[in-house]
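Report on the following structure.
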Amino acid sequence: SAVISQKPSRDICQRGTSLTIQCQVDSQVTMMFWYRQQPGQSLTLIATANQGSEATYESGFVIDKFPISRPNLTFSTLTVSNMSPEDSSIYLCSVAGRSGTDTQYFGPGTRLTVL
Amino acid sequence: DAKTTQPTSMDCAEGRAANLPCNHSTISGNEYVYWYRQIHSQGPQYIIHGLKNNETNEMDSLIITEDRKSSTLILPHATLRDTAVYYCIVSITGNQFYFGTGTSLTVIP
């Protein structure tokens, strides 16, 4: 399976600030995705991080709020901008298209609390 | 949107088989059925997946009906460590996942 790390693992932030979450995978992958999991809820897809081009956002998510970068095939960042308490969630990245497997793997998640 | 429906919660006695159902009546011909387990809000862990044949790994089994409109994940000997939320997802290989609500399984001593 793929080894995926996320930084930070958790953070407590003040309203109005921004946080950038990093996702690193141990091998090149075709696809990288970002999800949000609000307290007590299931996972919701935020966007697909496209290497070398703008991310593809799901309905209800916009680039100004959740800018995403993907400079290469092993790394991506998600920024949560101008945070409010409603952004308190676990943010997870996942990867797919790793050579030799058709399985999607998830990172450990970043637990964000906004005060 | 999620294309699966699962019971919200289930209980299972320790040592007994846990049979977790999933309905996916609108599944397309090229979509796989994936199962993941999530423990204590950690990242979901891959369990098993299949296209149209039944699948088995070292621990669990996936039974897909002939019409592919439903499936069942079988944990043959549930342990306390199997207490988790189980997600059934249908997707084309390499594509994004749309999660449903999942089933919260509680294994009872």
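The values are calculated or read from the model by the stated rules, or taken from the named source; none is laboratory data. Everything numeric here is computed off the predicted structure, so don't read it as measured data. Don't worry about glycine lacking a Cβ; one is built from the backbone with ideal geometry, like all the others, and counts go over all protein chains shown.
How about the stretch A:23-41: which of its residues are touching a residue at least 12 places away in the same chain (Cβ under 8 Å) and either farther than 12 Å from A:SER94 by Cα or more than 9 Å from the chain's Cα centre (by Cα) (or both)?
As a first pass, look at the stretch A:23-41 and keep what is touching a residue at least 12 places away in the same chain (Cβ under 8 Å): A:23-39.
If the condition is that a residue be touching a residue at least 12 places away in the same chain (Cβ under 8 Å) and either farther than 12 Å from A:SER94 by Cα or more than 9 Å from the chain's Cα centre (by Cα) (or both), then A:GLN24, A:VAL25, A:ASP26, A:SER27, A:GLN28, A:VAL29, A:THR30, A:MET31, A:GLN37, A:GLN38, A:PRO39 are the ones that fit.
Show the residue pairs meeting these rules: Cβ distance below 9 Å; 6+ apart or different chains; first residue within the stretch A:53-79 and farther than 13 Å from A:TRP34 by Cα; second residue among the acidic types (Asp, Glu) and exposed (fewer than 15 other Cβ atoms within 10 Å of the Cβ).
Listed by first residue and then by second, the contacts come to A:THR74/A:ASP26.
Quick one: B:VAL85 ticks every box in (1) surrounded by fewer than 17 Cβ atoms within 10 Å (Cβ to Cβ); (2) within 10 Å of another protein chain (Cβ to nearest Cβ) bar one, so which box is it?
In the conditions (1) surrounded by fewer than 17 Cβ atoms within 10 Å (Cβ to Cβ); (2) within 10 Å of another protein chain (Cβ to nearest Cβ), B:VAL85 misses (1) alone.
With respect to B:GLY100, determine if the residue is within 11 Å of another protein chain (Cβ to nearest Cβ), buried (at least 18 other Cβ atoms within 10 Å of the Cβ) and touching a residue at least 24 places away in the same chain (Cβ under 8 Å).
Values: within 11 Å of another protein chain (Cβ to nearest Cβ): yes; buried (at least 18 other Cβ atoms within 10 Å of the Cβ): yes; touching a residue at least 24 places away in the same chain (Cβ under 8 Å): yes.
For B:GLY100, the condition - within 11 Å of another protein chain (Cβ to nearest Cβ), buried (at least 18 other Cβ atoms within 10 Å of the Cβ) and touching a residue at least 24 places away in the same chain (Cβ under 8 Å) - is met.
What tally of residues in the stretch B:85-102 results from selecting those that are within 14 Å of the chain's Cα centre (by Cα) and at positive phi?
Total meeting the criteria: 1.
Of all the residues that make up the stretch B:56-71, how many are in a strand (DSSP E or B) and over 12 Å from the mean Cα position of the chain (by Cα)? Walk me through how you get there before you give the answer.
Step one: of the stretch B:56-71, the residues in a strand (DSSP E or B) are B:56, B:61-64, B:70-71.
Now restrict to residues that are over 12 Å from the mean Cα position of the chain (by Cα): B:56.
Final tally of qualifying residues: 1.
With within 14 Å of chain A (Cβ to nearest Cβ), over 16 Å from B:ASN23 (Cα atoms) and in contact (Cβ under 8 Å) with a residue 60 or more places away in the chain as the only criterion, which of B:ILE108, B:ILE92 stands out?
Values: B:ILE108 fails: within 14 Å of chain A (Cβ to nearest Cβ).
From the options B:ILE108, B:ILE92, the qualifying one is B:ILE92.
Residue check: is B:PRO21 at pLDDT 95 or above, within 17 Å of B:PHE99 (Cα to Cα) and assigned to a loop (DSSP other than H, G, I, E, B)? Talk me through it step by step, then tell me what you get.
Working: at pLDDT 95 or above: yes; within 17 Å of B:PHE99 (Cα to Cα): yes; assigned to a loop (DSSP other than H, G, I, E, B): no.
The answer is no for B:PRO21.
Which one is nearest to the other protein chains (Cβ to nearest Cβ), of the residues in the stretch B:12-53 that are farther than 19 Å from B:ILE63 by Cα and over 15 Å from the mean Cα position of the chain (by Cα)?
B:GLY43
Being crowded, with 21+ Cβ neighbours inside 10 Å, part of a strand (DSSP E or B) and of a type in the set (A, V, I, L, M): is that true of A:VAL95 here?
On the way: crowded, with 21+ Cβ neighbours inside 10 Å: yes; part of a strand (DSSP E or B): yes; of a type in the set (A, V, I, L, M): yes.
Judged against the criteria, A:VAL95 is a match.
Of these, A:SER88, A:SER59, A:SER53, which one is surrounded by fewer than 16 Cβ atoms within 10 Å (Cβ to Cβ), among the hydroxyl-bearing types (Ser, Thr, Tyr) and over 27 Å from B:VAL33 (Cβ atoms)? Give the steps one after another, and end with the answer.
Values: A:SER88 fails: surrounded by fewer than 16 Cβ atoms within 10 Å (Cβ to Cβ); A:SER59 fails: over 27 Å from B:VAL33 (Cβ atoms).
Answer to the selection: A:SER53.
Out of the residues in the stretch A:64-84 that are closer than 21 Å to A:GLN14 by Cα and surrounded by fewer than 18 Cβ atoms within 10 Å (Cβ to Cβ), state the one that is nearest to the chain's Cα centre (by Cα).
A:THR79
If only one of B:ILE74, B:ILE27, B:ILE48 is farther than 21 Å from A:GLN41 by Cβ, touching a residue at least 24 places away in the same chain (Cβ under 8 Å) and not in a strand (DSSP E or B), which one is it? Can you show your working first?
Details: B:ILE74 fails: not in a strand (DSSP E or B); B:ILE48 fails: not in a strand (DSSP E or B).
Sole residue among the options that is farther than 21 Å from A:GLN41 by Cβ, touching a residue at least 24 places away in the same chain (Cβ under 8 Å) and not in a strand (DSSP E or B): B:ILE27.
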